[in-house]
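So the structure is just underneath, and the comments pick up after that.
The values are calculated or read from the model by the stated rules, or taken from the named source; none is laboratory data. Keep in mind the model is a prediction, meaning the values are calculated, not measured. Ideal geometry is used to build each Cβ from the backbone, glycine not excepted, and the neighbour counts take in all protein chains shown.
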Amino acid sequence: MVMSFFRSDEGGISQIESQVQRMIADARHTFDLAMNAVTGGAVETVADEVRRTDRQINLTEIEIRRELLVHISVHGTADAGEMLVFMNMIKDLERIGDYNKNIFDLALEGVSFSGAEDLEQILGFRDELSSRIALMGEILDTRDEDRARAYIERGDQLRREFDGLVNELVHATAPALVAVPRALLYRFLKRVAAHCANVATAVVMPVDRLDYFDEDDHTRT
């Protein structure tokens, strides 16, 4: 387990852990706002909230980087590997926020799947990925290796599913107005799922293998 450095008696590490959980909560919030916007919910009235929360994710990432520098300056290089894990983790969380914003940008461009024949499928993805972002926080909190492995495995399945949907749209005869928004949405959802799985690798993978499950099958070593 690469997250063994989490020690409750160290105030600095506890503070960083709390900040990571705040990034996760903010990432789920922007995801929910973005997905609701493209499935028939509010758009303009939540735009400021999406931007504000995304900025907060970025600011928290900066705060954590500063805390890590302080920690390593005080404790030396003994925790260097673990600090790299943290750096990798917050990068993925920041990227989730970016893809959430990309989804919301679709809504700002007038994309809405409300009333579409595949709305139920899209809502299913919305609900699962929203729950997975929250579950990611639970797994980090408990450092449950079995749950982390199952989580990563499901992330792999979702990646393949989204790839399949995009490939279908590439070869479909549907008009661009139908195919392009869906292809973009599924691409963004794939990246959200992949970055969530990346974060979970911190529980079960050595430092040099982090992000392993973000790779396509044929490129894994």
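Listing for the model above:
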quantity: Qualifying positions in segment 99-127 - of a type outside the set (Gly, Ala, Ser), without any contact (Cβ under 8 Å) to a residue 24 or more places away in the chain and either surrounded by 19 or more Cβ atoms within 10 Å (Cβ to Cβ) or part of a helix (DSSP H, G or I) (or both); calculated: Asp105, Glu120, Gln121, Asp127
quantity: Whichever residue in segment 15-31 is polar (S, T, N, Q) and either in contact with a strand residue (DSSP E or B) (Cβ under 8 Å, 6 or more places away or on another chain) or within 14 Å of Arg65 (Cα to Cα) (or both) and, among such residues, is modelled with the lowest pLDDT; calculated: Gln15
quantity: Sole residue being of a type outside the set (Val, Ile, Thr) and more than 20 Å from Val199 (Cα to Cα), chosen from Gln157, Gln121; calculated: Gln121
quantity: Residue match in segment 71-85 (condition: more than 18 Å from Met23 (Cα to Cα) and charged (D, E, K, R)); calculated: yes
quantity: Segment 171-189, subset out of contact with any Leu (no Cβ under 7 Å at 6 or more places or on another chain) and in a helix (DSSP H, G or I), residue surrounded by the most Cβ atoms within 10 Å (Cβ to Cβ); calculated: Phe188
